[in-house]
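Worksheet: the structure to be examined is printed underneath.
Laboratory data are not the source of any read-out in this text; all were calculated from the coordinates shown. None of the values given here were measured: they were computed from a predicted structure. We place every Cβ from the backbone using ideal geometry, glycine too, and count neighbours over all the protein chains shown.
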Amino acid sequence: MDEVIVNIMETLLRQLVADNLTSYYEDPKKRAHIVDKIIHEMRSTSPPSKFLHQNRKKGIWKEAGVHVIRKKIVQKFRDFHKAKARKVNRNSDLVTNASKTCKQALKNNEGSLCLRKNDILLGRGSSKHFGNIMLRHLVTQNLTAYYNEPCKQALLISEMMGVIKSLNPPGRFMSQNKNTGVWEEVGDITSQKKLAQAFRDCRNAAIRKSNAQQCP
């Protein structure tokens with residue numbers, strides 16, 4: 001089996017399951033139809049995708065039957081549903097922590113802006129804030145596009161700033177005044193520099209990870 005092809009097919013299956021996750025759990029009566037639709041879409045690729053399983057004794061790969069394929073897809077839906085539930089719980093904890101940070105800021109300094117969950121905090125010790133975690137995910141998703149087309153980097157950063165500002169509540173780039181402890185919103189130039197630095201940090205982390213995996 002070609003490992004690359006297997007990974008591509010597995011990625012396609014995960015994407016189809018993710019796309020249909022809401023519908024699958026909203027209407028249990030349509031689950032069988034959704035599963036069959038995914039099987040049809042997989043088999044409609046060029047070349048057609050096959051669901052294979054390996055005989056443990058002989059080591060031979062054979063095409064699985066429809067019953068086995070359906071069980072595989074149903075399990076994928078369960079895995080995605082559990083993963084989504086865990087993510088919701090983690091996000092809930094992060095929002096709670098952000099709220100505590102906000103209350104503490106107001107307690108310490110009446111002039112301090114109340115931090116929102118989608119705010120991007122500048123400076124050390126802010127990596128666990130919800131907005132900063134969201135920013136890292138956003139940067140990771142756009143990393144390839146950012147470095148593949150250097151002439152469009154400024155445009156991509158501008159678009160990302162628009163996305164952050166359009167969140168509910170709107171995200172802001174915030175910096176804490178070292179002298180007063182007051183949280184203040186920074187300007188667009190500083191925000192753009194923060195985003196550019198986030199892309200550099202993400203690329204450097206990816207390079208370090210790749211080098212570590214190549215080490216014997």
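May I ask you to derive the relative contact order of segment 3-81, considering only C-alpha pairs under 8 Å and at least 6 residues apart, and to give it as an integer percent? Each step should come with its number before you reach the end.
Numbers: 48 pairs, mean separation 24.7, N = 79.
Relative contact order, segment 3-81: 31 percent.
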Fill in: Phi to ³J(HN,Hα) by Karplus 6.51 cos²θ - 1.76 cosθ + 1.60 over segment 197-203, Hz, x for Gly, Pro
5, 5, 5, 5, 5, 5, 5
Item to complete: Using a cut-off of 11 Å between beta-carbons, work out the net charge of the residues near L122 (Lys and Arg +1, Asp and Glu -1, L122 not included).
Response: +1
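Please give me the summed charge of the neighbours of Y25: other residues whose Cβ is under 11 Å from its Cβ, Lys and Arg +1, Asp and Glu -1.
On the way: positive: K30, R31, R78, K84; negative: E26, D27.
Every neighbour counted, the sum reads +2.
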Response to the item:
With bins of 5 Å, the percent of all Cα-Cα pairs of segment 42-83 per bin from 0 is 6, 20, 18, 22, 20, 11, 3
Worksheet item: D for segment 109-214, whole µm²/s, Stokes-Einstein with Kirkwood Rh over alpha-carbon pairs at 10 °C and 1.306 mPa s: what number?
Response: 108 µm²/s
Worksheet item: For G171, which sequence-distant residues (separation of 5 or more, or a different chain) have an amide H within less than 5 Å of its own amide H, given hydrogens modelled in the peptide plane?
Response: K165, S166
Worksheet entry | Ellipsoid equivalent to segment 3-81 - semi-axes via the Cα gyration tensor, in Å | 23, 14, 12
Worksheet, complete the sentence: Total charge of the residues flanking F173 in space, meaning their Cβ is under 12 Å from its Cβ, with Lys and Arg +1 and Asp and Glu -1, is +1
Practice prompt. Collect residues whose amide H, placed 1.01 Å from N in the peptide plane, falls under 5 Å from the amide H of S49; neighbours closer than 5 in sequence don't count.
Written response: R43, S44
